[in-house]
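Every read-out reported here was derived from the displayed coordinates using simple, explicitly stated rules and does not represent laboratory data. None of these values were measured; they are calculated from a predicted model. Using ideal geometry, Cβ is built from the backbone for each residue, glycine included, and neighbour counts are taken over all protein chains shown.
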Amino acid sequence: MPGNERTLLTQAQMAAGVEALAKSILEANAGAESLALVGVFTRGVPLAKRIAAEIGRLGGPKVFVGTIDITQYRDDLNTFQMVPKLEGSDIGFEIDDLTVVLCDEVIYTGRSVRAALDELLNFGRPKRVQLAVLVDRCGRELPVQPDFSALKVSLGPGERVAVRFEEVDGQDACTVQTQTSTR
C-alpha cells in the first residue's frame, strides 16, 4: 500500500459494517412490510445491494433496490476537470408512502445527500427517507446526518476517505488517502 494511504476498514470489517447497517435498518423499521434501498452512483449502489442481500438473509421485509444519479444536481460541477458520466437514475417501483433508505459509501459535507434528495423527490413522495452510509466523515457543511453508519471518523485537512467495492473497483477496501504537499 502506498505511503500516503492507510487502511480504515479491512474487507472483513466492511462486511461486518454492512451486516451492522442491515440490522440497524431492520430494527429502526420493525414491522415494515417493505423497504426501498436506493444507492447513490457510484459506490452507494453496491452498498445498497449488499445491505438488501443482508436484510434478505436476516429474514427482513421485501426490499426494493434502486439507483440514483445526482450528477445533474451537484453544486460543484464547475470544479471538476472532467464532468462525471451521467448514469441515469433507475427506480422501477413506486416510492409514494414507502420508507426509502438512501445509501452512499461516505458522507462528508452533506452536499451529495442534498443532491440525492432533490433527484429522489422527482420520483414521488416517500413516507420517510433515511440515510445509511458505510463511513460518516465529520465536517458537514449542511445540516444532514446519517441515520445509520458503520464507522464515524474525523480526518485532517488533505485527507480523504476512499471506499472501493469489488463490483466497481475489483476489490473491497476502505482507506484514508493523504495528499502529499508539494512545498
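The number of residues in region 26-50 being within 16 Å of F165 (Cβ to Cβ) and among the small types (G, A, S) comes to 3.
Counting only residues that are part of a strand (DSSP E or B) and free of Cβ contacts under 8 Å to residues at least 40 places away in the same chain, region 1-15 holds 0 of them. A count restricted to region 15-37 and to residues that are more than 13 Å from the chain's Cα centre (by Cα) and within 18 Å of V176 (Cβ to Cβ) stands at 0.
Residue under question is S34, and the condition is that it be closer than 22 Å to E119 by Cα, of a type in the set (G, A, S), touching a residue at least 40 places away in the same chain (Cβ under 8 Å) and touching a strand residue (DSSP E or B) at 6+ places or on another chain (Cβ under 9 Å); does it hold? In short, yes. Within region 143-161, residues that are under 11 Å from V106 (Cβ atoms) have Cβ atoms under 6 Å from residues that are small (G, A, S) and surrounded by 13 or more Cβ atoms within 10 Å (Cβ to Cβ) in these pairs: A150/G17; A150/A20, counting only partners at least 6 apart in sequence or on another chain. Checking each residue in region 113-149 for being surrounded by fewer than 21 Cβ atoms within 10 Å (Cβ to Cβ), touching a strand residue (DSSP E or B) at 6+ places or on another chain (Cβ under 9 Å) and among the polar types (S, T, N, Q) picks out Q130, Q145. Is there a residue in region 38-47 that is more than 30 Å from T180 (Cβ to Cβ), out of contact with any Ser or Thr (no Cβ under 6 Å at 6 or more places or on another chain) and not in a helix (DSSP H, G or I)? Scanning region 38-47, I find at least one residue that is more than 30 Å from T180 (Cβ to Cβ), out of contact with any Ser or Thr (no Cβ under 6 Å at 6 or more places or on another chain) and not in a helix (DSSP H, G or I), so the answer is yes. Could you tell me whether region 16-23 includes any residue that is outside any helix (DSSP H, G or I) and buried (at least 20 other Cβ atoms within 10 Å of the Cβ)? Within region 16-23, none of the residues are outside any helix (DSSP H, G or I) and buried (at least 20 other Cβ atoms within 10 Å of the Cβ). Scanning region 154-183 for residues that are of a type in the set (A, V, I, L, M, F, W, C) and over 17 Å from V113 (Cβ atoms) yields L155, A162, F165, V168, A173, C174, V176.
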